[in-house]
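Since the structure comes first, as structure tokens, the remarks are kept for the end.
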Amino acid sequence: MVCQNDALVKKVCELYEQISGLESLKPCKDVNMLFTNLVVTCMPPNYPIDVTKLCQSVQDIRSKLIRLCGEAEGLLESHFSSILASFENPIANLNIFPYYSNYIKLSQLEFNILTQHCSRFPTKIAFIGSGPLPLTSIVLAINHLTTTCFDNYDIDPSANSKALSLVSSDPDLSTRMFFHTTDIMNVSSALKDYEVVFLAALVGMDKDEKIRVIDHLAKYMAPGALLMLRSAHGARAFLYPVVDPSDLLGFEVLSVFHPTDEVINSVVLARKYVMPSLEQQDQLSPKILPKKCSKIEAFNPLHHGSMIDELAIEEQLS
């Protein structure tokens with residue numbers, strides 16, 4: 001069992017003790033330094049660690065650490081959203097956010113994966129857990145999906161208020177980006193309107209919460225619609241929750257990609273099953289397609305011909 005004898009795990013536990021002892025997680029020199037050290041510690045993409053095999057005490061630390069990371073990330077985004085709102089043109093100054101380049105790379109990655117399974121751009125996308133600084137939606141809207149409308153959902157009214165202030169002065173984004181203050185678990189029939197749904201990494205910060213959200217989406221998303229999720233792999237799972245393909249009941253897993261650069265989040269793309277019902281047991285479990293599926297007929301909500309191209313599934317079971 002991997003536990004405190006592992007050098008990386010020992011370092012993570014030490015950083016957790018320091019972070020959990022902070023009076024506040026608002027951005028400041030000490031907070032920034034500790035979280036930077038944590039990210040750097042967990043960065044090695046191929047570090048041989050399986051967080052499911054950690055002893056219980058370290059599992060508990062990991063769960064608490066993910067929540068601390070989520071809180072700190074929210075405070076950091078809120079801080080910079082307020083700064084950006086003071087500019088005459090907030091969108092032109094997004095690069096002041098310290099992790100802006102990561103969002104550029106992650107959005108490019110997600111767009112590339114999405115286009116492997118679509119022949120035309122979606123007209124309407126939902127982003128769940130958009131936060132006060134909805135960089136993914138903004139970057140996708142500006143750089144990749146220039147005619148798509150984005151419905152951003154967040155449970156925090158102040159987050160949506162800050163986010164809205166960033167795009168309200170932009171003549172293009174203000175007509176394509178909308179913000180809804182609600183718990184996504186209270187959204188049902190409206191989910192059928194979206195060809196693609198993005199689920200932020202920190203919506204559902206433990207496995208049970210994440211699965212409840214995924215199950216809700218499986219129930220109400222349109223048949224054939226695509227679900228883009230963010231996960232984590234290896235030591236990076238100390239920072240974000242992990243989504244296993246087996247968690248995606250009601251979905252067909254199309255692609256899993258684990259970045260090896262400074263982009264922390266893994267990316268999972270799945271398609272909601274088209275069947276009118278899920279009565280057959282073998283249709284209830286998520287299916288990971290083989291590498292080559294050139295002869296498999298598939299429904300595609302975005303009219304991507306009649307065949308699925310070779311799927312980019314990397315390190316699926318690692």
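General remarks:
- Projected label points at C55 and R120, each 7 Å from Cα along the beta carbon direction, are separated by 5.8 nanometres.
- Kyte-Doolittle at least 0.5, axis length at least 15 Å by Cα - qualifying DSSP helices, the chain: 29-42
- 18 Å Cα-Cα threshold exceeded, pairs from K124/K207; K105/K210; K192/K272; K64/K162: K124/K207; K105/K210; K64/K162
- Between D208 and V40, the contour length at 0.36 nm per residue exceeds the Cα-Cα span by 57.7 nm.
- Dipole magnitude for region 1-75: about 80 debye, using +1 per Lys or Arg Cβ and -1 per Asp or Glu Cβ, origin at the Cα centre.
- Estimated D of region 21-104 in µm² per second, where Rh is the Kirkwood radius over Cα pairs and Stokes-Einstein applies at 37 °C, 0.692 mPa s: 219 µm²/s
- Within the chain, longest stretch free of exposed trypsin sites (Lys or Arg not before Pro) [DSSP loop, at most 13 other beta carbons within 10 Å]: 121-290
- Charge context of F179, other residues only, Cβ under 11 angstrom, K/R +1, D/E -1: -2
- Added length on full extension, which subtracts the Cα-Cα distance from 0.36 nm per residue, L22 to I155: 45.3 nm
- With 0.36 nm allotted per residue and the present C-alpha distance subtracted, the D215-A92 stretch has 40.5 nm of extension available.
- Annotation note: GluC sites (Glu not before Pro) in region 1-94 located in DSSP loop regions with a Cβ neighbour count of at most 16 within 10 Å are E23, E88.
- Its Cα centre serving as origin, the chain has a Cβ charge dipole (Lys and Arg +1, Asp and Glu -1) of approximately 300 debye.
- Between T175 and S63, the FRET efficiency estimated from the beta carbon spacing at R0 = 51 angstrom works out to 0.80.
- Rolling a 1.4 Å probe over the protein heavy atoms gives the chain an accessible area of 46 Å² per residue.
- Globularity ratio of region 119-269, using Cα Rg and 2.2 N^0.38 Å: 1.01
- Within the accessible area of the chain, the carbon and sulfur atoms contribute 55%, probe 1.4 Å, all protein chains present.
- Charge-dipole axis of region 1-275 as Lys and Arg at +1 and Asp and Glu at -1 on Cβ define it, positive-most pick from S231, F121, L84: F121
- Region 95-180 - Rg over Rh from alpha carbon coordinates, Kirkwood radius: 0.95
- Evaluated over the Cα positions of the chain, the convex hull gives a direction-averaged projected area, one quarter of its surface, of 16.3 nm².
- Across region 1-158, C-alpha contacts under 8 Å between residues 6 or more apart give a mean separation that, scaled by the residue count, equals a relative contact order of 19 percent.
The values are calculated or read from the model by the stated rules, or taken from the named source; none is laboratory data. What you are looking at is a predicted structure, and each value in this text was computed from that prediction instead of being measured. All Cβ positions, glycine included, derive from the backbone under ideal geometry; neighbour counts span all protein chains shown. Note: accessible area is taken over every heavy atom of the protein model, side chains too, but ligands, DNA and RNA are not part of it. Shrake-Rupley method; radii C 1.70, N 1.55, O 1.52, S 1.80 Å.
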